[in-house]
Amino acid sequence: MAPVEEFVRKLPSSHKTESLIRALQNYIIDSGLEPGMPIMPEREMANRFGVGRYSLREALRVAQSQGLIEINQGCRPRVAKPSPQAAAQVLSLNIRRSAQTFTHLIEARIYIECGIARYAAQRRTEAHVRALSKTIADMQSHKGDTKLCVDRDLEFHNILLEAAGNEVFEIMLQPVAELLRKSRDKTMAVDVERAISGHQAILDAVRAGNPGQAEHAMRNHLVMAQEDIGER
């Protein structure tokens, strides 16, 4: 592990709050501390950065909200386990403030989920194929139950995500999880049959192990969803 001095230096007086937050982020990320390990004591850190304890505590709270550290009363802050959840909450809030949230969401999904479908076709197992097929059968049998159909729709796409075998895709989609459900509520209310036929085309391509066809089927499916959003 590199010496702490390499990552913690006195900060310039201008823009000290912003500089402190960035310096604290760099210290936590670059110092080689493992999840669960305590960071240096507040007094020592304040001296090394050349800031007051109050300013440091404010920066620590920001680091906690970003998922970098865990703070428990009576204990030194510890490095948190890597998690996209804190960043997801911030990103989701900003996305939800957009006047064209659902339109932009579908546009982004086209590029991300087409890649997911391509990799799912290459890496899927028979268990994935069976699970995908079951979600379609459930939707087919309960077309009048919008909530169930939305649940199975989300499950279908989550199974594809699992089959793709790439955790980065999951991190990219997590910030919009809540919006994805609301988007499905809108599209499912327009036409359940189109969602079912879109899923079936994707499943056929994934089952056949055809990445190009899976990507094409996903694109068609999401373009239809884009059209349904426009009808609401």
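The values are calculated or read from the model by the stated rules, or taken from the named source; none is laboratory data. Owing to the predicted nature of the structure, the values given are computational and were not obtained by experimental measurement. Ideal geometry is used to build each Cβ from the backbone, glycine not excepted, and the neighbour counts take in all protein chains shown.
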If Leu91 satisfies every condition in (1) modelled with pLDDT of 85 or more; (2) not in a loop (DSSP other than H, G, I, E, B) but one, which is the exception? (1)
Which listed residue, of Ala217, Ala189, is out of contact with any Cys (no Cβ under 9 Å at 6 or more places or on another chain) and buried (at least 22 other Cβ atoms within 10 Å of the Cβ): Ala217
Considering every residue within region 38-61, establish whether at least one is farther than 16 Å from Ala80 by Cβ and of a type in the set (Val, Ile, Thr). yes
Determine if region 30-37 includes at least one residue that is at pLDDT 85 or above, assigned to a helix (DSSP H, G or I) and touching a Lys or Arg at 6+ places or on another chain (Cβ under 8 Å). no
May I ask you to list the residues in region 111-139 that are under 18 Å from the mean Cα position of the chain (by Cα) and either free of Cβ contacts under 8 Å to residues at least 12 places away in the same chain or closer than 20 Å to Glu193 by Cα (or both)? Tyr111
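Yes or no, residue by residue, for (1) in contact with a helix residue (DSSP H, G or I) (Cβ under 8 Å, 6 or more places away or on another chain); (2) surrounded by fewer than 22 Cβ atoms within 10 Å (Cβ to Cβ); (3) assigned by TED's automatic domain parsing to the domain that holds Gly209; (4) modelled with pLDDT under 95:
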| site | (1), (2), (3), (4) |
| --- | --- |
| Tyr119 | yes, yes, yes, no |
| Leu132 | yes, no, yes, no |
| Ile136 | yes, yes, yes, no |
| Asp145 | no, yes, yes, yes |
| Asp151 | no, yes, yes, yes |
| Phe156 | yes, no, yes, no |
| Glu167 | no, yes, yes, yes |
| Met172 | yes, yes, yes, yes |
Could you figure out which of (1) of a type outside the set (S, T, N, Q); (2) in contact (Cβ under 8 Å) with a residue 24 or more places away in the chain; (3) more than 16 Å from Phe102 (Cβ to Cβ) isn't true of Arg181? (3)
List pairs: first in region 205-228 and closer than 18 Å to Ser133 by Cα, second at pLDDT below 95 and of a type in the set (A, V, I, L, M, F, W, C), Cβ under 9 Å, 6+ apart or cross-chain? Met218/Ile110; His221/Ala195
